[in-house]
Amino acid sequence: MTTFVDRVELHVAAGNGGHGCASVLREKFKPLGGPDGGNGGRGGDVILVVDQDVTTLLDYHHHPHRKATNGQPGAGDNREGKNGKDLILPVPDGTVVLDTNGEVLADLVGQGTTFIAGRGGRGGLGNAALASARRKAPGFALLGEPGETRDVVLELKTVADVALVGYPSAGKSSLISVLSAAKPKIADYPFTTLVPNLGVVTAGSTVYTIADVPGLIPGASQGKGLGLEFLRHVERCEVLVHVLDTATLESDRDPVSDLDVIEAELAQYGGLEDRPRVVVLNKIDIPDGKDLADMIRPDLEERGYRVFEVSAVSRTGLKELSYALAGIVAEARAAKPVQEATRIVIRPKAVDDSGFTVTREDDGLFRVRGEKPERWIRQTDFNNDEAVGYLADRLNRLGIEDALLKKGARAGDGVAIGSEDDAVVFDWEPTMSAGAEMLGRRGEDHRFDAPRPAAQRRRDRDAERDEVEREYDGFEPF
């Protein structure tokens with residue numbers, strides 16, 4: 001059963017925002033005490049967080065669908081809905097987040113680094129928040145926004161300073177087991193290592209990590225063997241170590257040709273040309289291996305490689321190798337620019353940015369795109385005429401009606417707000433009216449103009465008494 005997964009497709013869904021509440025306070029002697037509907041809660045986010053204790057993406061391979069909780073709707077008496085709980089997804093250090101088209105969204109390196117994979121929807125405003133001097137008692141509330149849904153690809157690239165590359169059974173696992181405390185699987189058959197192994201090496205005052213990459217073979221960069229799956233794990237390394245088998249039993253192979261083949265595969269994969277190389281001639285504890293190492297070492301040094309003869313069994317030459325690698329890693333670290341605090345960049349909105357665009361399509365339809373109008377559309381309850389009238393007011397104040405006139409729109413033309421897949425289409429009228437106008441002018445509520453029932457009863461009784469008094473005053477005694 002697979003216990004190491006370094007690439008998965010994750011389907012995330014943030015929580016939906018809770019709906020606002022439309023409520024009017026009703027108490028004794030206060031039949032219309034004013035709006036008291038609370039706001040809806042915010043939907044939970046889906047957040048990826050680097051956790052050093054997590055080393056694989058296996059959990060997301062088995063459970064690729066993840067969803068945060070929704071916000072709760074508001075209630076009367078100005079009670080706001082509870083916010084949805086954020087969903088925290090731990091990922092290994094070195095995880096790269098991509099979209100389905102392969103574009104990099106985030107490179108998560110370092111404990112605690114976060115990335116919001118899906119943002120929760122905003123909660124809708126209750127009618128108490130929508131009340132104003134013109135609209136004293138709104139009979140509607142805004143709907144909560146749906147949470148963001150997204151498909152992302154997670155790729156794990158091992159964060160190591162040194163990468164051991166070479167043919168299967170070249171002795172990479174044995175080498176890392178004696179250089180560090182790692183305990184990889186070791187056997188005398190090809191492709192023993194099926195996952196990258198990571199170990200920590202201490203050489204003097206320098207501590208660095210070393211990884212062995214599963215065996216590469218000719219054609220690995222095109223997908224043969226296991227190479228294509230794990231070549232990404234060498235991208236972050238500061239130095240590449242070619243482990244060459246000087247005691248191979250295959251008659252058609254020799255260490256120099258093995259080196260040429262691996263270098264060709266690395267070149268085809270790309271992006272590794274600037275990494276320093278070190279050659280390790282392994283298995284010199286075998287007599288034939290020592291003789292072959294002495295024979296090919298001059299040729300490799302002529303090519304510019306630093307060559308080390310080692311034996312993982314007898315531990316010959318390991319100290320020199322570990323200190324040499326520590327020196328290269330230290331130089332690479334010193335050459336890196338000093339990490340500076342993240343600069344906060346403020347990009348003010350352009351003075352001519354209206355926040356929306358109006359375009360005329362080939363079929364004559366006018367399409368409106370913009371963050372605000374599209375969000376307002378999602379928050380509107382189209383079953384409520386007053387809410388539709390409020391939307392019309394907002395769109396008009398934003399300047400959409402003037403923009404449509406400038407584009408040549410006429411009464412009865414089709415207008416779509418939103419993308420092609422999720423748009424609201426209506427026939428436009430220059431001075432848009434809605435059913436709410438039949439109740440009176442927008443922002444007015446005739447319920448406040450009408451007398452209260454108790455007051456009306458008092459007025460009726462006073463009128464009856466006045467009538468009786470007038471009749472009595474006109475009566476002449478005998």
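The values are calculated or read from the model by the stated rules, or taken from the named source; none is laboratory data. Everything numeric in this text was worked out from a predicted model, so none of it was measured. Don't worry about glycine lacking a Cβ; one is built from the backbone with ideal geometry, like all the others, and counts go over all protein chains shown. The accessibility values were calculated without ligands, DNA or RNA, using every heavy atom of the protein model including side chains. Shrake-Rupley method; radii C 1.70, N 1.55, O 1.52, S 1.80 Å.
Assorted remarks:
- Relative packing of peptides 320-328, 404-412, 113-121 - highest average C-beta neighbours within 10 Å first: 113-121, 320-328, 404-412
- The label point for Arg465 and the one for Thr359, both projected 7 Å from the Cα toward the Cβ, are 7.3 nm apart.
- Centroid-to-centroid separation of segment 44-79 and segment 86-148 [C-alpha atoms, Å]: 11
- Label-to-label distance, Lys407 versus Gln456, with points set 7 angstrom from Cα along the beta-carbon direction: 4.8 nm.
- Segment 84-126 shape via C-alpha gyration tensor axes, a/c threshold 1.5: oblate
- Full extension of the chain between Val256 and Arg275 yields a length gain of 4.9 nm, computed as 0.36 nm times the residue separation minus the alpha carbon distance.
- Cα gyration tensor, segment 244-303 - rounded (a/c under 1.5), prolate or oblate: prolate
- Label-point separation in nm, Ala264 to Thr202, each point 7 Å along Cα→Cβ: 4.4
- Think of each Lys and Arg Cβ as +1 and each Asp and Glu Cβ as -1; about the Cα centre, that makes the dipole of segment 41-194 roughly 780 debye.
- Cα shape, segment 55-171, gyration tensor, a/c 1.5 rule: prolate
- Under 11 Å from the Asp422 label point (7 Å along Cα→beta-carbon), backbone N, segment 368-383: 375, 378-379
- Per-residue accessible area (protein heavy atoms, 1.4 Å probe) orders Asp421, Asp363, Asp413 as Asp421, Asp363, Asp413, starting from the largest.
- Among the listed pairs Lys85/Lys157; Lys172/Lys336; Lys136/Lys407; Lys28/Lys136; Lys372/Lys407, a Cα-Cα separation exceeding 24 Å is found for Lys85/Lys157; Lys172/Lys336; Lys136/Lys407.
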